[in-house]
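Peer 1: Below: one structure in structure tokens.
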Amino acid sequence: MFSKIPKAGQIFYIEDGKEISKKQVLDKWQKTIFLKEVKKADAKGWILDIMNCIDSLNKKEFYLQDVYNFEPDLKVIHPENKHIKDKIRQQLQFPRDKQYLDFVGQGKYKLR
């Protein structure tokens, strides 16, 4: 189950044998507190899936097309959805509105 948690939600007090400062731990936790607002399991699942896709890119800046490349994987996870690209765009709006990432323009996003 731990592997399904996006990197932003994997908050460690100790990492690589070193204690992480309280400020760093709280700052990281604050970045994802917006997920508590999402009550519906399906909606939260989609947001977490998109965050995991972004994590897989392993980039601070990425394009919408980069996330679209996960369409086949998302179709497997959500076979009932016939409009995956639309859903990707919709789900990117929520973390953008919660200052988790920025929309730079022309399909480009940047993690905060």
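The values are calculated or read from the model by the stated rules, or taken from the named source; none is laboratory data. What you see is a predicted model; the values in this text were computed from it and never measured. Neighbour counts run over all protein chains shown; Cβ positions are idealised from the backbone, glycine included.
Peer 1: Just the residues that are in contact with a Lys or Arg (Cβ under 9 Å, 6 or more places away or on another chain), among the aliphatic types (A, V, I, L, M) and in contact (Cβ under 8 Å) with a residue 12 or more places away in the chain, please, taken from segment 21-37.
Peer 2: Selection gives Leu35 alone.
Peer 1: Here's another thing I want to ask about it. Can you tell me which residue within segment 40-53, out of those that are among the aliphatic types (A, V, I, L, M) and free of Cβ contacts under 8 Å to residues at least 24 places away in the same chain, is surrounded by the fewest Cβ atoms within 10 Å (Cβ to Cβ)?
Peer 2: By that ranking, first place goes to Ala41.
Peer 1: Kindly list the number of the only condition in (1) in a helix (DSSP H, G or I); (2) touching a strand residue (DSSP E or B) at 6+ places or on another chain (Cβ under 9 Å) that fails for Phe62.
Peer 2: Phe62 satisfies all of (1) in a helix (DSSP H, G or I); (2) touching a strand residue (DSSP E or B) at 6+ places or on another chain (Cβ under 9 Å) except (1).
Peer 1: Against the conditions (1) acidic (Asp, Glu); (2) out of contact with any Lys or Arg (no Cβ under 8 Å at 6 or more places or on another chain); (3) under 17 Å from Gln10 (Cα atoms), where does Asp55 fall short? Just the number, please.
Peer 2: (2)
Peer 1: A follow-up question, please. Inside segment 65-82, can you point out the residues that are assigned to a loop (DSSP other than H, G, I, E, B) and among the basic types (Lys, Arg)?
Peer 2: Lys82
Peer 1: Determine which single condition Lys82 fails, assuming it passes every other condition in (1) of a type in the set (D, E, K, R); (2) within 18 Å of Ile33 (Cα to Cα); (3) surrounded by fewer than 13 Cβ atoms within 10 Å (Cβ to Cβ).
Peer 2: Result: Lys82 fails condition (2) only.
Matching residues to (1) under 11 Å from the mean Cα position of the chain (by Cα); (2) surrounded by 13 or more Cβ atoms within 10 Å (Cβ to Cβ):
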residue: Ile14; (1), (2): no, no
residue: Ile33; (1), (2): no, no
residue: Val38; (1), (2): no, yes
residue: Asp55; (1), (2): yes, yes
residue: Lys60; (1), (2): no, no
residue: Leu74; (1), (2): no, yes
residue: Asp86; (1), (2): no, no
residue: Asp102; (1), (2): no, yes
residue: Gln106; (1), (2): no, no
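Peer 1: Tell me, please, whether a residue that is part of a helix (DSSP H, G or I) and either modelled with pLDDT of 90 or more or of a type in the set (A, V, I, L, M, F, W, C) (or both) can be found in segment 10-23.
Peer 2: Within segment 10-23, not a single residue is part of a helix (DSSP H, G or I) and either modelled with pLDDT of 90 or more or of a type in the set (A, V, I, L, M, F, W, C) (or both).
Peer 1: Does Ile5 meet the test of being surrounded by 13 or more Cβ atoms within 10 Å (Cβ to Cβ), at pLDDT 80 or above and of a type in the set (Val, Ile, Thr)?
Peer 2: In short, no.
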